[in-house]
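None of the figures in this text is laboratory data; all of them are computed from the coordinates on show. These figures come from a predicted structure and were not determined experimentally. Using ideal geometry, Cβ is built from the backbone for each residue, glycine included, and neighbour counts are taken over all protein chains shown.
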Amino acid sequence: FCGPPKAFPHASLSQKKHYYYVGQVLHFKCWSGYEKRCPTSGTFMCKRVNGKIIWTPPDIQCTNDSS
């Protein structure tokens with residue numbers, strides 16, 4: 001199992017649990033008034049790598065900057 005992932009500024013998880021299964025994919029969603037800055041998917045996965053269970057690095061950035 002993976003524990004809860006770290007929080008990201010101006011974003012929330014699609015599901016909130018205390019643990020997640022290996023292979024489970026989570027989706028971050030930007031808060032109202034914020035948008036994903038490209039290129040981002042907002043997804044990451046609980047994985048087993050070299051015997052350790054980790055989260056893949058997420059690539060999300062939410063901003064309300066229109067520039």
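A quarter of the convex hull surface defined by the alpha-carbon atoms of the chain gives 4.7 nm² as the mean projection. Using a 4.7 Å Cβ-Cβ cutoff, the cysteines of the chain lacking any partner cysteine are CYS38.
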